[in-house]
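Single-structure report; data block below.
The values are calculated or read from the model by the stated rules, or taken from the named source; none is laboratory data. Values in this document were obtained by computation on a predicted structure and should not be read as measured data. FYI the Cβ positions are ideal-geometry reconstructions off the backbone, even for glycines, and counts take in every protein chain you see. Protein only, heavy atoms only, side chains kept; ligands, DNA and RNA dropped before computing areas. Shrake-Rupley method; radii C 1.70, N 1.55, O 1.52, S 1.80 Å.
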Amino acid sequence: MHKVASERVHEISKEFADGFEFLEDYPKSVTFFGANQFKEDNPYYISARTLASRLVKELGYSIVSGGGPGIMEAASRGAFEAGGNSLGLLIKLPHEQVVNEYITKSFSAYYFFVRKVCLSFSAEAFIFYPGGFGTLDEFFEILTLIQTRKITHTPLICVGSEYWNKLKRFMKKEILSRGAISEDELKLFHLVDDHDKVFDIIKNAQDILSDQI
């Protein structure tokens, strides 16, 4: 049993090291999250594609996603079409993962938790579009890391206010009202639809970080 556990720990450690080594080549990046069902005519897809393209062209960011369809494809496509780095953090599955065609470089993880850590590692901003259970899982995990100061000066930006406002209202009514979170903790994420405001949030966060270095 001990031998099996040691081998598993070694495998996990190596996969983390390989993932971090992959990301080290792209120190300036923004990570996108969102539903994988959206097609190219969906307004959220169009928004994510445009935003990713602008982040590449105007701020020189690499774009990171899970490498699949939907919002992940939109972000990858925007980066690819802008001539930038479109990075896919993939997962090895019994049946082949659907990978979008706009990935320029990729890393494949066996363990889901390794992939999740890599998606949050070294990003200078997290961009969330509406999605399902997986998107919300990532949202609350990263929000908790920000709340507990395991991640600092990295803005969590939610695009699609008609979706995210409903979640925020739930937080106020059911969580804040019971004293499970504070009013200030509702300010740990930004609800934004205007791409220019997204840029302002990212720039301000990096200015604060630069001043503290």
Check your understanding: Can you tell me which of TYR110, TYR129 is of a type in the set (Phe, Trp, Tyr), in contact with a Phe, Trp or Tyr (Cβ under 8 Å, 6 or more places away or on another chain) and either more than 30 Å from GLU11 (Cα to Cα) or loosely packed, with under 14 Cβ neighbours inside 10 Å (or both)?
Key -> TYR129
Review point. Could we say that PRO94 is modelled with pLDDT of 95 or more and not in a helix (DSSP H, G or I) here?
Key: no
Practice item. For ILE63, indicate whether it is assigned to a loop (DSSP other than H, G, I, E, B), under 27 Å from ILE202 (Cβ atoms) and either aliphatic (A, V, I, L, M) or modelled with pLDDT under 95 (or both). Key: no
**Study point:** Given (1) closer than 23 Å to PRO155 by Cα; (2) surrounded by fewer than 21 Cβ atoms within 10 Å (Cβ to Cβ); (3) aromatic (Phe, Trp, Tyr), index of the condition PHE16 fails
**Key:** (1)
Exercise for review: Within region 28-46, count every residue that is open to solvent by 20 Å² or more (accessible area, probe 1.4 Å) and more than 19 Å from GLY134 (Cβ to Cβ).
Suggested key: 5
**Study point:** Test for GLU58: is it assigned to a helix (DSSP H, G or I), buried (at least 22 other Cβ atoms within 10 Å of the Cβ) and among the acidic types (Asp, Glu)
**Key:** no
Review point. What's the number of the condition VAL117 fails, among (1) open to solvent by 50 Å² or more (accessible area, probe 1.4 Å); (2) assigned to a loop (DSSP other than H, G, I, E, B); (3) in contact (Cβ under 8 Å) with a residue 40 or more places away in the chain?
Key: (2)
Practice item. Taking ASN100 as meeting all but one of (1) over 19 Å from LYS187 (Cα atoms); (2) within 11 Å of the chain's Cα centre (by Cα), write down the number of the exception. Key: (2)
Practice item. Kindly indicate the residue of region 78-90 that is open to solvent by 30 Å² or more (accessible area, probe 1.4 Å) and outside any loop (DSSP other than H, G, I, E, B) and also nearest to PHE33 (Cα to Cα) among those meeting that condition. Key: PHE80
Revision key, fill the gap. Checking LYS166, LYS197, LYS173 in turn, the sole residue that is open to solvent by 50 Å² or more (accessible area, probe 1.4 Å), over 25 Å from TYR45 (Cα atoms) and at pLDDT 95 or above turns out to be LYS173
Study note, to complete from the structure: Here the residues within region 91-106 that are of a type outside the set (Val, Ile, Thr) and surrounded by fewer than 20 Cβ atoms within 10 Å (Cβ to Cβ) are LYS92, LEU93, PRO94, HIS95, GLU96, GLN97, GLU101, LYS105, SER106
Check your understanding: Which ones in region 6-51 are assigned to a helix (DSSP H, G or I), under 19 Å from PHE121 (Cβ atoms) and not aliphatic (A, V, I, L, M)?
Key -> GLU11, SER13, LYS14, GLU15, PHE16, ASP18, GLY19, PHE20, GLU21, PHE22, GLU24
